[in-house]
Each structure stands twice: as structure tokens, then as C-alpha cells.
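Novice: Sharing a structure with you now.
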There are 4 protein chains.
Amino acid sequence: MAKVKVGIVGGTGYTGVELLRLLANHPNAEVVAITSRSEAGMPVAEMFPNLRGFYDLAFSEPNPDVLKACDVVFFATPHGVAMSMTPDLVEAGVRVIDLAADFRINDLEVWEDWYGMSHGCPSIMDEVVYGLPEMFREKIKEARVIANPGCYPTAVQLGFQPLLKAGLVDIDHLIADAKSGISGAGRGAKVESLAAETSEGFKAYGINGHRHLPEIVQGLNAMVGGKVNLTFVPHLIPTIRGIEATLYGKLTKNVSQQELQELFENTYCEEPFVDVMPANSQPDTRLVKGSNMCRMAVYRPSGGDIVVVTSVIDNLVKGAAGQAVQNMNIMFDLEENAGLNHVALLP
Amino acid sequence: MAKVKVGIVGGTGYTGVELLRLLANHPNAEVVAITSRSEAGMPVAEMFPNLRGFYDLAFSEPNPDVLKACDVVFFATPHGVAMSMTPDLVEAGVRVIDLAADFRINDLEVWEDWYGMSHGCPSIMDEVVYGLPEMFREKIKEARVIANPGCYPTAVQLGFQPLLKAGLVDIDHLIADAKSGISGAGRGAKVESLAAETSEGFKAYGINGHRHLPEIVQGLNAMVGGKVNLTFVPHLIPTIRGIEATLYGKLTKNVSQQELQELFENTYCEEPFVDVMPANSQPDTRLVKGSNMCRMAVYRPSGGDIVVVTSVIDNLVKGAAGQAVQNMNIMFDLEENAGLNHVALLP
Amino acid sequence: MAKVKVGIVGGTGYTGVELLRLLANHPNAEVVAITSRSEAGMPVAEMFPNLRGFYDLAFSEPNPDVLKACDVVFFATPHGVAMSMTPDLVEAGVRVIDLAADFRINDLEVWEDWYGMSHGCPSIMDEVVYGLPEMFREKIKEARVIANPGCYPTAVQLGFQPLLKAGLVDIDHLIADAKSGISGAGRGAKVESLAAETSEGFKAYGINGHRHLPEIVQGLNAMVGGKVNLTFVPHLIPTIRGIEATLYGKLTKNVSQQELQELFENTYCEEPFVDVMPANSQPDTRLVKGSNMCRMAVYRPSGGDIVVVTSVIDNLVKGAAGQAVQNMNIMFDLEENAGLNHVALLP
Amino acid sequence: MAKVKVGIVGGTGYTGVELLRLLANHPNAEVVAITSRSEAGMPVAEMFPNLRGFYDLAFSEPNPDVLKACDVVFFATPHGVAMSMTPDLVEAGVRVIDLAADFRINDLEVWEDWYGMSHGCPSIMDEVVYGLPEMFREKIKEARVIANPGCYPTAVQLGFQPLLKAGLVDIDHLIADAKSGISGAGRGAKVESLAAETSEGFKAYGINGHRHLPEIVQGLNAMVGGKVNLTFVPHLIPTIRGIEATLYGKLTKNVSQQELQELFENTYCEEPFVDVMPANSQPDTRLVKGSNMCRMAVYRPSGGDIVVVTSVIDNLVKGAAGQAVQNMNIMFDLEENAGLNHVALLP
């Protein structure tokens, strides 16, 4: 079978190099073009020497004809780029997976409010599919445009989904206390991302509003067919990779620890990339480093009426590039775990 | 004025070396004895070479006569030691500050349940004072025995205190999502504390029960004059020092962000070691590294009915040795910040 | 083709879990047994949850019959175990790869001196092959017993090899200033390996004698057909993985930077796992994290008479488990990079 | 006694905030002005909240009159600023301590070559004193202009000094393999200083030329009264603070390990900030974190002809701000350790 021809727009950031890592050994896909205006001409393996020996490719100026010859184009760009190029690509029969936020929020007023720009292709939103396979696998198969979920949203939505679909918790007081490694802040040169500013520290940030809040709420709303209230507090962990989300909900029914365990296991037993760990396990971001797995556990501490879920992912894999490849695999009818069978790097 | 003569029992762990660091430059106190059965004869500056040039002292076998000649004895020992030696010391007129948990829980049934041993001196519990100056400063002045608070309990109680004393939150559904650096696990040789097991990782632990839970609940109960329900989830941060607690409460009255800010500022405006930061600040553990400060901020995200408090301390200073020295200063009528005026090490 | 049947003795340490990671996706090998006296009965995926979904295997008591039914047995044990079990296995036709030091030093007096025990099977030393493919690939093909090189020795020998074989440096004054991540100290519970003892620190150690010194010297001697003098100073880096070696030699001939570059490139141009980077590159341990590559660069600073080589590996991969798998691939006539095509995890 | 009135030019970088930390508790000095064009008006405690409670001061526009009213002005600025302002200040009777490199190199041709600009006040170089107290204490007392040494140069010069002054090593083949924490790269927003680019990595850099090379060579030349050849290879450690230098020299005389130990101890026995550790010690950067100490040890491995010295400092203290304060103390006839008696933060 011919390999899926992949184009990548952008690719000088961490999601870009992670896409290149994952696709380097993908059995059914090959990267045929990667674009960057600022780095055109630079071999990818010179910018990212971990790729030496895997790629001869160089960054190139974005060329519509080259991209239109691809089967799928990933956007690993700042917000605003994908929406300007997607309509032409879709018309040319290319499928699009956007790793930025351009297509994540259906309500464009909300989107414009949080992202501070007007949306470039409102009409395409009707056919956009939110690329969380554990919610929308069937739609993803046929989708032409995928909004690849954000990193926090992936960890939080997967953790809440069993509880919300089963109607077990008070949807007016959901709490997500989430933590992310520093690679989530990207490869941009910012003082607050310096090693000397982040190592040996830990803080909450964005308490009064983080762009992932409306994305998460949209997903949770879909699970309950209504409107949830969520308090979302992100924190910065002094690690490179990893997201941990500790989720709190007030139980509205009396379910035992064992019933909760069974609910979670039943929800995800067919999922290749969600691992419900045994009762009393401690999901740790180091258990998913470099892999596409989401691992989680559910607790009812002291038998009280608060249910706790902890959920971990690698923000660059299941939280970005890995999930994008998983979506590609589903769209092109490949094995869902093709190119994604990495064992997490431990220690 | 004669210096306060200090004895330290134990002292080969992290709270011990931190006591030595803080007391090395204390203007009104001097360490006259430090005991360790296992390290008797070893100079403290050989075991902890950061102390070279500051101490000629060596660890010695515990000698009751030497300790009874002190003005104050700090216990930096495993649980169970202080309770066996304290009655004799108190009788000899020595004041005792226990940095372990022997005297922290008033209800000894609860204590024995969580610590798995029977208590060695129940009768002394009547006069024990819980050494959180921001709650019990007046009692500390006269106390003969101080239970120095745990690290998580310090950060959590200080953060909740203004809300609970003002009666603003639902006390049946308090949530404390807390995070600690690895030094909180002590200097014992344990696989789970190895650098290769903890760096580049992040996880929750002790969700089904942590020894600091009953200690915190006891303190919160005292604030409300009733019984609270608290969900307490500790996490491990890959840093050496630092505790951050993100606290969630459901507001029972409609108070504005500004009113919350004023409440917190008024509560702590006289406190030398609690810093209420301005609205929208981000308390970070790096802002208190090596210092006795607790810094905090209060938020009402999106104007909803959940109030969020973030509170940071250095677990070895305000969460252990620094608070112990603060208690000593209060007990001996010294300047409360004597020996404790360190600027946090940043970066 | 039938898969190579692999047994692993030991396997509760970091080289053990790394072997399991690499072999989980090996196309031509499968782990059929893994032994541990202390953990017999424990599923490997329970001890190392990163393996959940990859292995159903549990640790078992060492059983000679099971091991003798393997094609190859890896020893990931403390020093002294492999030499007691290898003769029987070899007699049974099983090939042995020892990741410990039992077979690394040909001169058994030297070995016994450094390792403090008497050697258990001197007679087998005649046929042992030192498993550094870049020196001994042909012998490895036929070997029945492989001494898998130490981590420091791999980085240092590969870096010095081109210079020594070309006779370009003063062999009486070689210097290797080497640095290793903390996983090199193993998974044993030791105070000096705690996160709170190693993060935010950096030190030299073992200056007066490290067990890898005689191993390295033996290899360098072989390159020159004589006797070298080497000053070897190891240091501890506060990372989990990675070895960097900065090597210094005094040039005995006037060779230009460009000639040095060509010498290195020519030496290793056929090697799948040695990457000579372009002049002025900066080999970084993060460029090999999780991969079997050794990357290096050569410099002649200021045009003086000192040549500098920097060489980086992942100590658990090319410095241990990865090199062991590479040796297995060579021994069983598989593709040399089978199961070893990982792109280094960056960032 | 009136306090020394201190002005700081620059101060938004790491040496600036470190000066503020050290001077906050200095018994004989007070900061009366701190300037920053870009941050004028910003309270220092708002930019660096670890200073909350210690300073009411705000950054101000540089004002010559204010600075001329100071007793001493520290320059914590990029290279090039101090040389433009120093002549006026000196003429006004203000003493100047430059923490940048403007005055470090006596040979201005060399300086201009390495720093890429022409020098602004050549005439003042005649009276500049290089502020390494262990070499030039007497001159520092009377100096009007101090060139505060670089961080690497401090660690390397202090380590080599005893050997060079005693004429024990081959001065044509000195090697300094040095390592620095990331704060040495400053607080500028640069991709290569991001946490995601540096943590879990280790690399050499600047092998073909680092600006500290000519500064070190100048100092070593002064020690021998001749010309040395030095190979200097800096490396980046994934810590915030700390420099470790491992120094190698070829012995030209047969001196025993014990004689070397005595030489080092005798050289520095009167120095308040150099600690020669006992034989076989392991100087670790964590033993000097936050303190002005330089700790070192000397070895003669295997009794060979190579002598090894390891030397550690905190790059922001003894390698920058602490040494600057030490110089101020000497210049103003204060206790040399005034404000500098910090115990290193361990763990």
C-alpha cells in the first residue's frame, strides 16, 4: 500500500519536531514537505539534531502546490494560520489536522473573544470534527478537517467522561486542578520559560482565565447534553513533558469505589490509548513520557461524597502530535496504533 | 543578654540540618548540643559540609544531663522519640519544640490510628500548644511544649483561615490540592525518593489517606468551631523544596474579588511571615525558597461561586525548621524574626 | 523466521526495565522469561507500569531449565551472578550477554582487585568477547559470551579510538573528563542518589579510582598495542539519563581541524550508531535520550596542540541495554538496528 | 557609623537581583538608587517578589546626580555601559565596581577583539584593579575602579593559584574543564536558555573560544610571571546556580598528595571565602548554593604525574554579586564578610 503523503506547515516548534519524531518510524506514512518561512532552506536535522539519520528533508517556503499534492496536512503553527489555508487545501481534496486552536471552539463568538482575532473561515466550522477519538472516532473517520484537541483538554475530558456520561456528579461544581510541564509553553523565547525561572519552582497561573477553559467546557457540555460549571486551575511543573489533571466532582449518587472502578474500566476497555489503572495506583507523568497513552485512576477518598480522578498524558504526544497521528491513522483506515507503539521512557 | 541555649535531638535529617543553618546566624541563640545515636562522634560539618566554618560541634549520644541544661530542646526525630523524652525535660524546666508529629493531634485515638503506635505521654497533651503562630501566638508565649505543625498543614491552614473565620464557604466540601518538593519525604534511603524515580515526573499520592489530613482537619475545625469535611490530595513536585496548596471552597455568600482581597490582607497585615500578594499575583514556591515566608493569593475565577486560594511555603522553613525557630523566638520573647530574615533565593 | 527467545536474569533495575522497553517492540526477538528472586510472582508491568499493555510476563525464580531453553540470556544483575551461571548456560548452547562487569577485564588479578571478589569461572575468559561492536564486530558474530561494556567506557573508547588508532596523541597523558546522569548509580536505595541530594548539584567523584578506569585502559591499550596512561574523572550530572565525555589529548603530529574531522568521519562512516557531527557542533546528551546513538565532535581549540573530543550517549541504551541488543542482533545475524531505531526524545 | 550609600546601574538581571538580596541584610550598606531605563517606575519588589518586604525602592531612570551622591556604584549592566559612565563618577569621588567585563582585560586590543566594540575609556585602565581579593586584596583597598571577575575565571584562577605560584605544573598544557548552571546565561529571553532546551541535557560549548578564556589567561600569566597555555572547555549544567571547575596540570616536580594538600591549605588558610576541603572530599556546587564560599579539593590520582583540582562556587555569589560585595567591604574597610555570612542552602 502506498504510504500516506504528509505535509507539515510550521514545524520549528515542539509539536513540529514531535510530529517528525513520530512519523520517522511510521510504517504507513512519510513526510514529503515541511514548511517554515523563517527557516526555509534549513535541514530539519540541523535544527533538531536528534533527527540526524532519519530525515534528509529541509524546511521550505510554504508552497500551495506542494501541499495540495499531500494526502494530509498537519498545521503545527501559531493560531490563525490554519484557518487561512485550510479552505483551499480541503477543496483540493487534502485532509487537514490542525494542532493549533483555530477550529476547536464551535461558538465563534467565544473563540474570537478568547483568541483576540476574527475567524478566517467560519463556513468550514460546520464540518470540523473535534479530534478526540475516545469521543468522536466515527466522525473522525470521514472528517476532512480535524481540530486536534489541546493538551489540558485531552487529559481533563478523558478523566471526566465516564462520570459525566453516567450522570454521577454535580455538574455545577466541577474542579480541574491541572499541571503541565514547561514544553507546553512552546519553543518561543520568553523570560518566563527560562530554566532559571521555572526549575525548582511551582505555581498556579491563568486562574482568572485560560484559553483551554472554553474548549474543555464545550467538551463536557457535549457529554452531559447541557451546561457544566468548571473551575480550571492550571499549574506549571518543572519538567519538560507531562500533564497531570486531578479532577474533583461531588457525587450525586452513592456509588462505591468498586463501582467507580468498573465504570472507568468499562468505558475505556476497547481504547488503545487509555489505560485505567487498578484501584490505588498512582498515575505519574513519567509513566507516559514519549508515549501516546493516557493513564488514569479513580478514587473516593474516605468514602466521602467527593470523587477524585487523576489522569496523565505526555502533552506533546497524546496532548498534541501523537493524538494528531492517531487521528490520521483513523482517517486513513490504518491500524490506530501504527507508529504509536512507544513504550514510555522510564526512568 | 545571654543567648538561648539550644539542644537538638536527632539532626541527621533535612529538618535537622535546616535548624543548624538557621541557628548558625541567629543573634540570640546558640546550639550547645546535637544528638544522634547512629552518628555520635561525627562533626556536623563533616556530615553536612555546607556548615564548614560555622560549627565545631559534633553529634553526640543523647545525654539527659546535657539536654536538661538547655533552655529549649528541638526534636528533629522520627515520630515516637519526643514523647518518650519530653516529660523529663519539661520537669527539668526545659521547653520543648517537637518537629515530628508526636503532639500534633489532640485526640489520641485518632493519633494512634494514623501513626500506628500507642502514645507515650498522654497526660502532657493537656498543655501542648500547636505551634502555628498565626493561630495561637498568645498561647505559644507561655507554652512548655510545642507541637510544630506539619508542612502541608501550615500551607493549607493559613490559606483557609480567613475564609473559615469569616464563615464564607461551605465547610462540607473543602478541597486542598497540595504539592510538595521531594525533601518532604526526608533523607531516608528509599527507592521512591531517588532522583531517577522522581525527576521529570509528577503524581498524586496518598489520596486514600495521608497523616496530615487529621492534623489539617483539627485546625480547620478549630477555625469554624465545628466539623469540616476536607478532601486532601497531596502531589509530589520534582523540586527539592517548596509546597504549593491550591484550595477550593464554595462561597456561601456573595463576596466580590475585592472584598476577598481585603479580607485576606486584613487578616494577615500584622503577620511578619504571611504575605498576601496583590490580586492576580502568582505565588510560586521559588519566591519563598530558603525563607520563612508564606505567600498567598485569593481568586474568584470568572466571578463564579468557587473561591480559590494559592499558598506557598518552603517546606523545610515555614513548614518545619523556620517555624520552629519562630516559635522559639516567641517563647523567649525575642524579636519574632530574629535569625529568620532571609531573602528567598531567586533565581 | 522464528523469533530469538530471550531470557533475562535480574531485571528489577534500570538496565532490566530498559531491556524490556527495547525488546517490547523488537521485530525478531521476544522475552520468554525474566527472573528475580526477590520479586518472583510480581508482573513486570506492575513493577514498571510503563510496560502495561506490552508484557503479560511476571518475574520468576531463576530456573535453569527455562533459561537453557532460551537462545540468549542477558544478565542484568549485580556483579558476580553472571559468572556463576554462565558456564552451564554456554554448555547448553545458550549465548550469554552480561551487562554487569563479570567478564569485562581480561586480567583477572586486576578484576579481583577492583571488584573485591574472586572470579568464578576463569576458564571461560578465553572466549569472552568485549561487546563494543565498533571495535570487535567480527568476533561478536561468533561469540558465545559477551562482556557488554560499561557506560563510561563506551563513550570514552569511541571518542578516543580514531585518535589512538591513527597514532596522533601522546598516550602517556590522556584525560577523560566524564559526566553521567544519576540513573548510572542504579535503582538501589542509597542516600547519595536521592533527588534531594543530587538535583541542583554537580560534583566530581571517584577521582582516586573508579571501576571503569581499568576497563577503559584495557580498551585503549588494545587500540595502541601498548600501554596508555589515562586520568579519568567522572562527575554526576543532575539528569536521569546521559553521559558526556570530554576527552583531551596532546597532539604529537600537526593535523588540522579539517583533517581531524575527516579522520573521525572516515572511522565511523559505516557505523549505524556513531554519528560524527559537523565541525563546531555541540553534542548534547539530550540529542541521544532514549536512543542507541553515540554522537561526537572533534575540536582543536585555538589551533593549539590539544585535541578535544566530546562524545555523548544515553547510558542506559548505548551504554547498557541498547548495546546489549545491538550485540544480540549481530550474534543472531539480524539487522543491526532491529528494535533500535528510536529517535531521541527531544525536547 | 553611617551606612555606605550604594547605587546600582542595571539590576533587572540575575546579578542585579542577587546584589539586592545580599544588600538587603547588609549591616553597613544600603541601596539608595537602582536604575533601569526599560523598567523605570517599576518597584523592584514587583519585578522580583522575593524582595517583598525588604525594599520600597523602584527602578529609576539613570540620573547622574543621584549616582554621584552615592559612595559606590555597582554596574550590573551589559558590557559597554560601565565604561561610558565610570569616568564621571570617579571624578565625582564615587567608587565603581563593574560586574560586567568592561575593565577585566588590560590589553585593550585583546578586549576589543573578544567583545567586538571599541573601548570607551582607555585612560582609566591604568588604575583599574581586578577584584579577586585572594590575589589583589591590598590594591582593592585603595581602588577607585574594580573590575569584578567573571564567574568561570573566579573558580579557575582560585583553583590553579597554589600550583602556579609554587611552580609545580607544566604551564604549556593547562586544562580547565568547567561547568556552569544556566543562570550564568543571564535573564535574557533566548531559546537556548529555555527550560525545555536545557533540563535533562548536558553539553560542552564555546570550545573554539569563550570570552572568559583571555581573562583567565591574563590572571594565570600574572601568577607565573610569564605566559601560560590553557585549554578551557565550558559546559552547561542543568541547574540554576553553580560552577564546578575540574583542573588538570602535569606535575613538573614530584610532590606527594599530602604536600599538595598542605600547599593548598597554607595558601588559603587566612581567606574567609576559600575552603580547602580535606583529602578525598567531593566539592559539590550544592555545598555553596547561595553562599560566597569557594570550596576546593586537590588530588593526585593513582600517584601519577597529573594533578587534579576541583573547585566550586555559586556563580551568582562568589562568581558575581557576592564577590562584588566582598570587594566593597574591603574598599570601605568593613568586615570582609559583612552581609556575606550565609550558610549554603542544603538540601
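The values are calculated or read from the model by the stated rules, or taken from the named source; none is laboratory data. All values derive from a computational prediction rather than experimental measurement. Cβ coordinates were reconstructed from backbone atoms using ideal geometry, including for glycine residues, and neighbour counts include every protein chain displayed.
Novice: Working only within segment A:133-149, note down all residues that are surrounded by fewer than 24 Cβ atoms within 10 Å (Cβ to Cβ) and of a type outside the set (A, V, I, L, M, F, W, C).
Specialist: Correct list: A:P133, A:E134, A:R137, A:E138, A:K139, A:K141, A:E142, A:R144.
Novice: OK, next. As an exercise: evaluate D:L158 against (1) closer than 24 Å to C:G249 by Cα; (2) in contact with a Cys (Cβ under 7 Å, 6 or more places away or on another chain) and give the number of the one condition it does not meet.
Specialist: With (1) closer than 24 Å to C:G249 by Cα; (2) in contact with a Cys (Cβ under 7 Å, 6 or more places away or on another chain) applied to D:L158, the lone miss is (1).
Novice: How about segment D:1-35: which of its residues are more than 14 Å from chain B (Cβ to nearest Cβ) and without any contact (Cβ under 8 Å) to a residue 60 or more places away in the chain? If you could, list the steps in order and put the result at the bottom.
Specialist: The initial filter retains those residues of segment D:1-35 that are more than 14 Å from chain B (Cβ to nearest Cβ), namely D:1-10, D:28-30, D:32-35.
D:M1, D:A2, D:K3, D:E30, D:V32, D:A33, D:I34, D:T35 - these are the residues of segment D:1-35 that are more than 14 Å from chain B (Cβ to nearest Cβ) and without any contact (Cβ under 8 Å) to a residue 60 or more places away in the chain.
Novice: Let me ask something else. Output the number of residues of segment D:184-209 satisfying the condition of being touching a residue at least 60 places away in the same chain (Cβ under 8 Å), closer than 19 Å to D:A155 by Cα and touching a Phe, Trp or Tyr at 6+ places or on another chain (Cβ under 6 Å).
Specialist: Matching residues across segment D:184-209 total 0.
Novice: Residues in segment D:197-235 that are over 19 Å from D:N106 (Cβ atoms) and in a strand (DSSP E or B): how many?
Specialist: Summing the residues that are over 19 Å from D:N106 (Cβ atoms) and in a strand (DSSP E or B) in segment D:197-235 gives 6.
Novice: I would also like to ask the following. From C:L158, C:L174, C:L194, C:L89, grab the single residue that is modelled with pLDDT of 95 or more, closer than 30 Å to D:D305 by Cα and over 19 Å from the mean Cα position of the chain (by Cα).
Specialist: Values: C:L158 fails: over 19 Å from the mean Cα position of the chain (by Cα); C:L194 fails: closer than 30 Å to D:D305 by Cα; C:L89 fails: closer than 30 Å to D:D305 by Cα.
After applying the criteria, what remains is C:L174.
Novice: Looking at segment B:282-292 only, could you name the residues that are polar (S, T, N, Q) and more than 7 Å from every other protein chain (Cβ to nearest Cβ)?
Specialist: Here is the first cut: in segment B:282-292, the residues polar (S, T, N, Q) are B:282, B:285, B:291-292.
Once the filter is applied, which keeps residues that are polar (S, T, N, Q) and more than 7 Å from every other protein chain (Cβ to nearest Cβ), segment B:282-292 yields B:S291, B:N292.
Novice: Specify the residue that is surrounded by the fewest Cβ atoms within 10 Å (Cβ to Cβ); the eligible residues are those in segment D:306-320 that are farther than 10 Å from D:I243 by Cβ and facing chain C (nearest Cβ under 8 Å).
Specialist: D:I306
Novice: Please find, among C:H119, C:H210, the residue that is under 20 Å from C:G13 (Cβ atoms), surrounded by fewer than 24 Cβ atoms within 10 Å (Cβ to Cβ) and more than 8 Å from every other protein chain (Cβ to nearest Cβ).
Specialist: Details: C:H119 fails: under 20 Å from C:G13 (Cβ atoms).
When all the criteria are applied, what remains is C:H210.
Novice: From the list D:E18, D:E46, D:E39, which one is among the acidic types (D, E) and touching a Leu at 6+ places or on another chain (Cβ under 7 Å)?
Specialist: On the way: D:E46 fails: touching a Leu at 6+ places or on another chain (Cβ under 7 Å); D:E39 fails: touching a Leu at 6+ places or on another chain (Cβ under 7 Å).
Criteria check complete, one pass: D:E18.
Novice: So which residues in segment A:36-57 are assigned to a helix (DSSP H, G or I), crowded, with 18+ Cβ neighbours inside 10 Å and within 11 Å of chain C (Cβ to nearest Cβ), if there are any at all? Please lay out each step first, then the result.
Specialist: Residues of segment A:36-57 assigned to a helix (DSSP H, G or I): A:44-47, A:49-51.
Filter once more, so that each one left must be crowded, with 18+ Cβ neighbours inside 10 Å: A:44, A:49-51.
Once the filter is applied, which keeps residues that are assigned to a helix (DSSP H, G or I), crowded, with 18+ Cβ neighbours inside 10 Å and within 11 Å of chain C (Cβ to nearest Cβ), segment A:36-57 yields A:P49, A:N50, A:L51.
Novice: Listed residues B:A76, B:A82, B:A101; which is in contact (Cβ under 8 Å) with a residue 40 or more places away in the chain, out of contact with any strand residue (DSSP E or B) (no Cβ under 7 Å at 6 or more places or on another chain) and surrounded by 15 or more Cβ atoms within 10 Å (Cβ to Cβ)? Can you show your working first?
Specialist: Values: B:A76 fails: out of contact with any strand residue (DSSP E or B) (no Cβ under 7 Å at 6 or more places or on another chain); B:A82 fails: out of contact with any strand residue (DSSP E or B) (no Cβ under 7 Å at 6 or more places or on another chain).
When all the criteria are applied, what remains is B:A101.
Novice: A further question on this structure: Test B:V228 against the criterion of being hydrophobic (A, V, I, L, M, F, W, C) and either farther than 25 Å from B:F264 by Cα or within 10 Å of chain A (Cβ to nearest Cβ) (or both), and give yes or no.
Specialist: On the way: hydrophobic (A, V, I, L, M, F, W, C): yes; either farther than 25 Å from B:F264 by Cα or within 10 Å of chain A (Cβ to nearest Cβ) (or both): no.
Judged against the criteria, B:V228 is not a match.
Novice: Name the pairs: first residue in segment B:37-55 and on the phi > 0 side of the Ramachandran plot, second residue modelled with pLDDT of 95 or more and in a loop (DSSP other than H, G, I, E, B), Cβ to Cβ under 8 Å, at least 6 apart or on different chains?
Specialist: Filtered contacts from segment B:37-55: B:G41/B:F59; B:G53/D:M293.
Novice: Residue by residue through segment B:231-267, note down the ones that are of a type outside the set (A, V, I, L, M, F, W, C) and away from every other protein chain (no Cβ under 11 Å). Before the answer, list the steps.
Specialist: Taking segment B:231-267 first, the residues of a type outside the set (A, V, I, L, M, F, W, C) are B:231, B:234-235, B:238-239, B:241-242, B:244, B:246, B:248-250, B:252-254, B:256-259, B:261-262, B:265-267.
Within segment B:231-267, B:T252, B:K253, B:N254, B:S256, B:Q258, B:E259, B:Q261, B:E262, B:E265, B:N266, B:T267 meet the criteria.
Novice: Can you name the number of the only condition in (1) farther than 28 Å from D:L334 by Cα; (2) of a type in the set (A, V, I, L, M, F, W, C); (3) more than 14 Å from chain B (Cβ to nearest Cβ) that D:F75 fails?
Specialist: In the conditions (1) farther than 28 Å from D:L334 by Cα; (2) of a type in the set (A, V, I, L, M, F, W, C); (3) more than 14 Å from chain B (Cβ to nearest Cβ), D:F75 misses (1) alone.
Novice: May I ask you to verify whether B:L334 is surrounded by 24 or more Cβ atoms within 10 Å (Cβ to Cβ), over 18 Å from the mean Cα position of the chain (by Cα) and not assigned by TED's automatic domain parsing to the domain that holds B:V288? It would help to see each step written out before you state the result.
Specialist: Working: surrounded by 24 or more Cβ atoms within 10 Å (Cβ to Cβ): no; over 18 Å from the mean Cα position of the chain (by Cα): yes; not assigned by TED's automatic domain parsing to the domain that holds B:V288: yes.
The answer is no for B:L334.
Novice: Given the criteria touching a Phe, Trp or Tyr at 6+ places or on another chain (Cβ under 9 Å), in the same structural domain as D:A101 (by TED's automatic domain parsing) and modelled with pLDDT of 95 or more, does D:A58 qualify?
Specialist: Numbers: touching a Phe, Trp or Tyr at 6+ places or on another chain (Cβ under 9 Å): no; in the same structural domain as D:A101 (by TED's automatic domain parsing): yes; modelled with pLDDT of 95 or more: yes.
Spelling it out, it is not the case that D:A58 is touching a Phe, Trp or Tyr at 6+ places or on another chain (Cβ under 9 Å), in the same structural domain as D:A101 (by TED's automatic domain parsing) and modelled with pLDDT of 95 or more.
Novice: Out of segment A:250-284, which residues are basic (K, R) and crowded, with 16+ Cβ neighbours inside 10 Å? Outline the logic, then answer.
Specialist: Keep residues of segment A:250-284 that are basic (K, R), which gives A:250, A:253.
A:K250 - this is the single residue of segment A:250-284 that is basic (K, R) and crowded, with 16+ Cβ neighbours inside 10 Å.
Novice: Identify, please: which residue in segment D:58-73 is without any contact (Cβ under 8 Å) to a residue 40 or more places away in the chain and either in a loop (DSSP other than H, G, I, E, B) or hydrophobic (A, V, I, L, M, F, W, C) (or both) and is, among those, farthest from D:G11 (Cα to Cα)? First the steps, then the outcome.
Specialist: Restricting attention to segment D:58-73, the residues satisfying the condition of being without any contact (Cβ under 8 Å) to a residue 40 or more places away in the chain are D:58, D:60-61, D:63-65, D:68.
Among the residues that remain, those that are also either in a loop (DSSP other than H, G, I, E, B) or hydrophobic (A, V, I, L, M, F, W, C) (or both) are: D:58, D:61, D:63.
Values: D:A58: 11, D:E61: 12, D:N63: 15 Å.
The qualifying residue farthest from D:G11 (Cα to Cα) is D:N63.
Novice: Also, quick follow-up: Please specify each residue of segment A:290-338 satisfying the condition of being touching a Leu at 6+ places or on another chain (Cβ under 6 Å) and at positive phi.
Specialist: A:G290
Novice: Residue by residue through segment D:74-91, note down the ones that are part of a loop (DSSP other than H, G, I, E, B) and over 12 Å from D:I34 (Cβ atoms).
Specialist: D:P78, D:H79, D:G80, D:V81
Novice: Which numbered condition in (1) without any contact (Cβ under 8 Å) to a residue 60 or more places away in the chain; (2) under 17 Å from A:L51 (Cα atoms) is the only one that C:I237 fails?
Specialist: (2)
Novice: Go over the candidates A:T267, A:T252, A:T246 one by one and state the one that is closer than 21 Å to A:T154 by Cα, touching a residue at least 12 places away in the same chain (Cβ under 8 Å) and more than 18 Å from the chain's Cα centre (by Cα).
Specialist: Numbers: A:T252 fails: closer than 21 Å to A:T154 by Cα; A:T246 fails: more than 18 Å from the chain's Cα centre (by Cα).
Going through A:T267, A:T252, A:T246 in turn, just one is closer than 21 Å to A:T154 by Cα, touching a residue at least 12 places away in the same chain (Cβ under 8 Å) and more than 18 Å from the chain's Cα centre (by Cα): A:T267.
Novice: Taking segment C:181-205, which residues are among the polar types (S, T, N, Q) and at the interface with chain D (Cβ under 9 Å from one of its Cβ atoms)? Steps first, answer last, please.
Specialist: Step one: filter segment C:181-205 for residues among the polar types (S, T, N, Q), giving C:183, C:193, C:198-199.
Within segment C:181-205, C:T198, C:S199 qualify.
Novice: Given the criteria touching a His at 6+ places or on another chain (Cβ under 7 Å), facing chain C (nearest Cβ under 9 Å) and without any contact (Cβ under 8 Å) to a residue 60 or more places away in the chain, does D:A297 qualify?
Specialist: Working: touching a His at 6+ places or on another chain (Cβ under 7 Å): no; facing chain C (nearest Cβ under 9 Å): yes; without any contact (Cβ under 8 Å) to a residue 60 or more places away in the chain: yes.
Judged against the criteria, D:A297 is not a match.
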